[in-house]
Amino acid sequence: MSPNYETVLDAARRVHWQIDAVLPLDAEFDFDRPFLPEALAGTEALSFATARERLVLNQIRAHGYLATFGLVEEFILPFILDHTRTRLEGSSSEVRALLGFAEEEAKHIALFRRFCRTFERGFGHRCDVIGPPAAVAAHVRSHGDLGIALLILHIEWLTQNHYVEMVRDSHELEPCFKRLLHHHWLEECQHARIDGWMVEASIAAATPAERRAGWNDYVQLLAYFDRGLATQAEFDCEAWQRTTGRVLRAEEKATFLATQRRALRRTYLGSGIAHPRVRASLERVAPDSLAQLERLTDEYN
């Protein structure tokens with residue numbers, strides 16, 4: 001399908017929102033309710049934890065969920081700005097859509113930072129997250145543009161899937177957090193379309209060698225984030241023990257880390273690589289790597 005940037009601009013105008021309307025400075029969360037659906041939090045596997053302790057972990061995971069999206073949007077923003085510079089001779093609607101994409105990503109970064117401050121104020125305990133953003137962005141940007149664009153497409157579509165399939169129809173989730181996810185999704189719908197067009201244009205213009213390099217970069221970036229997720233599971237375990245006062249035995253800690261790493265992998269890696277839109281692009285980039293794609297899909301899910 002040919003890009004139609006006017007439709008994106010029209011949708012962006014209709015769904016535009018302000019941070020203060022979504023998360024006021026004096027907002028308070030209800031910590032008696034879960035923030036994430038269990039399909040993302042993966043707390044039920046902790047048979048040694050009480051219901052309250054699993055709820056605490058759900059909330060720690062929700063903090064990490066938005067902190068991680070804030071982290072990745074800090075490399076998406078400069079990538080989109082760099083791409084925009086190469087398109088200044090294109091149509092005005094394309095340039096305006098790309099600039100709107102960048103402006104909305106900057107707004108999301110600010111929203112997620114405010115969320116983390118508001119969350120920790122009410123939660124009462126520190127929750128560490130992987131980073132720092134500048135180092136992560138530098139590592140990602142050391143790879144080729146096609147591989148980065150594929151990673152961004154992966155992120156945009158998993159965001160869509162999480163909200164539509166797991167959050168939108170849930171009635172148990174903390175309402176302020178759910179509202180935040182809803183407004184984030186409204187704008188990410190347009191970002192997924194734009195990035196899809198960017199990826200398709202890059203694939204069409206790439207040589208076979210450049211497509212192979214893009215595939216390799218994408219796989220390497222997934223592995224990089226997989227290592228980060230192992231660290232995040234450790235951070236979540238420490239925050240959970242601080243908050244609950246539990247000191248896990250060795251076998252309990254091993255279970256905690258194993259089950260939470262699986263949940264983190266499914267959340268950020270598996271749900272992206274298995275998404276039909278992402279998979280279709282990956283198959284066009286590396287049609288001779290379908291067996292590897294299947295292995296990665298199984299590994300991350």
Option label - Rg/Rh (Cα atoms, Kirkwood Rh) computed here, alternatives [x] 1.04; [y] 1.12; [z] 0.97: [z]
Contact order normalised by residue count of the chain, Cα under 8 Å, 6+ apart, percent: 26
Student exercise, the range 112-182 dipole from Lys, Arg, Asp, Glu Cβ charges, in Debye to nearest 20: 400
Cβ-based charge dipole, the range 203-301, positive-most Cα from VAL285, GLN241, ALA263: GLN241
Packing rank of 205-215, 138-148, where each peptide gets the mean count of other beta carbons within 10 Å, highest leading: 138-148, 205-215
The range 171-301: C-alpha gyration tensor shape, a/c 1.5 cut-off, then a/b vs b/c: oblate
Charged-residue dipole, Cβ positions (Lys, Arg, Asp, Glu), the range 149-301 about Cα centre, Debye nearest 20: 220
log10 of Debye I(q)/I(0), alpha-carbon scatterers only, for the range 66-136 at 0.13, 0.16, 0.29 Å⁻¹: -0.47, -0.62, -1.23
The range 1-153 - convex hull of alpha carbons, volume per residue in Å³: 155
Relative exposure of VAL199, VAL167, judged by other C-beta atoms within 10 Å (fewest first): VAL167, VAL199
The chain: calculated mean residue ellipticity at 222 nm from DSSP helix runs of at least 4, using -39500 (n - 2.57): -24500 deg cm²/dmol
Highest-first arrangement of 247-253, 156-162, where packing means the average Cβ count within 10 Å: 156-162, 247-253
Relative packing of 168-178, 51-61, 67-77, which averages over residues the other C-beta atoms within 10 Å, highest first: 67-77, 51-61, 168-178
Given charges at beta-carbon only (K, R positive; D, E negative), |dipole| of the range 55-203 in Debye: 520
Stretchable slack from ALA223 to GLU44, in nm (0.36 nm times residue separation minus alpha-carbon distance): 61.8 nm
Full-stretch length increase - ALA254, GLU172 - with 0.36 nm per residue and alpha-carbon distance subtracted: 26.6 nm
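Bear in mind that the values in this text are calculations on the coordinates, not laboratory data. Bear in mind the structure is a predicted one, so any value in this text is a computation, not a measurement. In this analysis, Cβ positions are derived from the backbone assuming ideal geometry, glycine residues included, and neighbour counts consider all displayed protein chains.
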